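The values are calculated or read from the model by the stated rules, or taken from the named source; none is laboratory data. Keep in mind the model is a prediction, meaning the values are calculated, not measured. Neighbour counts are summed over all protein chains in view; Cβ atoms, including those assigned to glycine, are modelled from backbone coordinates with ideal geometry.
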Amino acid sequence: MIHADTPTWRRATLALCLGSMLVFINLYAPQPLLPMLREAHGASTLMIGLVMSLATLTLALSLLVYGPLSDAIGRGAIMKVSLAAVGLATLLIAFVPGLESLLAARVLQGLALGGLPAVAIAWMGDEFSPQAMTRAVGLYIAANTLGGIGGRILGGVIGEWQGVQASFVSVAVVTLAGTMLFWWLLPAARSFKPQPFRVSGAVQQMRSHLGNPWLWPAYLIGGLNFLVFINQYSYMTFRLAESPFLLGPRWLGLLFLTYLGGTLGSTLSARVVARLGAPGTMLLGIGIVSVGLGMTLVESLSVIVVALMVSAFGFFLCHATASGWVGRQAKTGRGSASALYLVFYYLGASLGPLWLEPFWLWQGWTGVIGASWWVLAVTGWLSWRLCRRQRQEEARNIAVATSGSH
């Protein structure tokens, strides 16, 4: 068992954070380029949005395979091979002709992108002590935000300077170099215990997780919150590319520095959980996201930047807490439990445009915010239910302990 602040813990945490950054650099590098791609291909907002949503959809579906597979064959090899495949897929994207080929390549990339997110937290659950895992998960989620920031800035700046192809080539080079470092840093697993892989067993395990009253609300919270959060940025790029803001890809990429609010939120999540409990922290995060979304209605770029930072802080505070909660509450099949959380998470992202696009066409940005608040009302209610259930469970435990002492 690896304990916090030991050299092995630092090395393993650094490796997993690096891998996380590489995944999200590749996933989000095209996002600030969406207005440029829409113009180049003469596509609609919904059609060009498939550049993002198809990758997240196939990433989500791949998790259904990676999670149970990792419970059978181990987690380290899956993470190493999938990261290398991501870099090669990004290199392919740089040279494909036409929008259809680009979308097909993003599908392939999404399949590769799922390897590390599906099993990283399960790897921690196997190898780290509970305290070490809580701290590592916060840092790992913070690395997600840094990868999202880095990918968007790299994509936007190089895209405006040298074009879309150069942007993807640069991301591929960074990914392949980082993958070699990841292979070197990640320690060998010591505590992993393989479980025979059977399709029927994997399906039964998934059904068990979905029926667990401590897990399924967290799955919905993660997926529905991400539906709102990630698509907020996509529609914001279209809003800010138009009058009166008229921002180009470089500035749209820099806009994602607001993700630093999420880096802070995920890093502080363990401290907040220690005070409020995990369900209470999720509820607080959702409330902060709602406030941040409301602030974006102000027609001021400086206010919008602050609002996005507030929203990112709340979202990642909730996300880090929910993903760690799943890792702790799953007593068996941690790989499949964590993977299932991410299935919901990325399905939410990929299906978001189907929910938000009609409101965007109807009322523009105001419609997007209204539709988002409806979704957050659902996740807030789910968090409140978890809070109440946890209080009831604690009260029962106290009653049992008290009766046993007499």
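Can you pull out the residues in the stretch 102-139 that are aromatic (Phe, Trp, Tyr) and either assigned to a strand (DSSP E or B) or out of contact with any Lys or Arg (no Cβ under 9 Å at 6 or more places or on another chain) (or both)?
Matches in the stretch 102-139: Phe128 only.
Could we say that Gly156 is farther than 30 Å from Arg334 by Cβ and touching a residue at least 12 places away in the same chain (Cβ under 8 Å) here?
Yes; evaluated as a whole, the condition is true for this residue.
Restricted to the stretch 178-200, and to residues that are in a helix (DSSP H, G or I) and without any contact (Cβ under 8 Å) to a residue 24 or more places away in the chain, which residue is nearest to Thr8 (Cα to Cα)?
If we take residues in the stretch 178-200 being in a helix (DSSP H, G or I) and without any contact (Cβ under 8 Å) to a residue 24 or more places away in the chain, then Trp184 is nearest to Thr8 (Cα to Cα).
What pairs come up if the first residue lies in the stretch 374-385 and is under 17 Å from Gly277 (Cβ atoms), the second is of a type in the set (S, T, N, Q) and assigned to a helix (DSSP H, G or I), and their beta carbons are under 7 Å apart, counting only those six or more places apart or on different chains?
Listed pairs, sorted by first residue: Thr379/Asn225.
Which residue pairs have Cβ atoms under 6 Å apart, sit 6 or more places apart or on different chains, and have a first residue in the stretch 241-259 that is in contact (Cβ under 8 Å) with a residue 12 or more places away in the chain and a second that is among the charged types (D, E, K, R) and part of a helix (DSSP H, G or I)?
What qualifies is Gly248/Glu160; Pro249/Glu160; Arg250/Glu160; Gly253/Arg152; Phe256/Arg152.
Out of Thr237, Thr175, which single residue is under 30 Å from Trp9 (Cβ atoms), surrounded by 16 or more Cβ atoms within 10 Å (Cβ to Cβ) and among the β-branched types (Val, Ile, Thr)? Show your work before the answer.
Values: Thr237 fails: under 30 Å from Trp9 (Cβ atoms).
On inspection, the qualifying residue turns out to be Thr175.
Out of (1) assigned to a loop (DSSP other than H, G, I, E, B); (2) of a type outside the set (Phe, Trp, Tyr); (3) buried (at least 17 other Cβ atoms within 10 Å of the Cβ), the odd one out for Leu252 is which?
(1)
Among the residues of the stretch 193-211, write down those that are of a type in the set (Phe, Trp, Tyr) and either at pLDDT 75 or above or surrounded by 18 or more Cβ atoms within 10 Å (Cβ to Cβ) (or both).
Passing the criteria: none in range.
Restricted to the stretch 283-312, and to residues that are among the polar types (S, T, N, Q) and surrounded by 15 or more Cβ atoms within 10 Å (Cβ to Cβ), which residue is nearest to Ala241 (Cα to Cα)?
Here the residue is Thr296.
Against the condition touching a residue at least 12 places away in the same chain (Cβ under 8 Å), part of a helix (DSSP H, G or I) and either under 30 Å from Leu64 (Cβ atoms) or hydroxyl-bearing (Ser, Thr, Tyr) (or both), how does Gly348 come out, does it pass?
For Gly348, the condition - touching a residue at least 12 places away in the same chain (Cβ under 8 Å), part of a helix (DSSP H, G or I) and either under 30 Å from Leu64 (Cβ atoms) or hydroxyl-bearing (Ser, Thr, Tyr) (or both) - is met.
Of the residues in the stretch 1-44, how many are closer than 27 Å to Ala84 by Cβ, in contact (Cβ under 8 Å) with a residue 40 or more places away in the chain and not aliphatic (A, V, I, L, M)?
Residues in the stretch 1-44 being closer than 27 Å to Ala84 by Cβ, in contact (Cβ under 8 Å) with a residue 40 or more places away in the chain and not aliphatic (A, V, I, L, M): 13 in total.
Condition first: of a type in the set (Val, Ile, Thr) and either out of contact with any Phe, Trp or Tyr (no Cβ under 9 Å at 6 or more places or on another chain) or not in a helix (DSSP H, G or I) (or both). Can you find one or more residues in the stretch 283-292 that meet it?
yes
Would you check which residues across the stretch 90-114 are crowded, with 20+ Cβ neighbours inside 10 Å and either β-branched (Val, Ile, Thr) or within 16 Å of Gly163 (Cβ to Cβ) (or both) and list them?
Thr90, Ile93, Leu102
Quick one: in the stretch 56-75, of everything that is out of contact with any Leu (no Cβ under 6 Å at 6 or more places or on another chain) and small (Gly, Ala, Ser), which residue is surrounded by the fewest Cβ atoms within 10 Å (Cβ to Cβ)?
Ala72
Kindly evaluate Val305 against the criterion of being free of Cβ contacts under 8 Å to residues at least 60 places away in the same chain, β-branched (Val, Ile, Thr), on the phi < 0 side of the Ramachandran plot and outside any helix (DSSP H, G or I). Please lay out each step first, then the result.
Details: free of Cβ contacts under 8 Å to residues at least 60 places away in the same chain: yes; β-branched (Val, Ile, Thr): yes; on the phi < 0 side of the Ramachandran plot: yes; outside any helix (DSSP H, G or I): no.
It is false that Val305 is free of Cβ contacts under 8 Å to residues at least 60 places away in the same chain, β-branched (Val, Ile, Thr), on the phi < 0 side of the Ramachandran plot and outside any helix (DSSP H, G or I).
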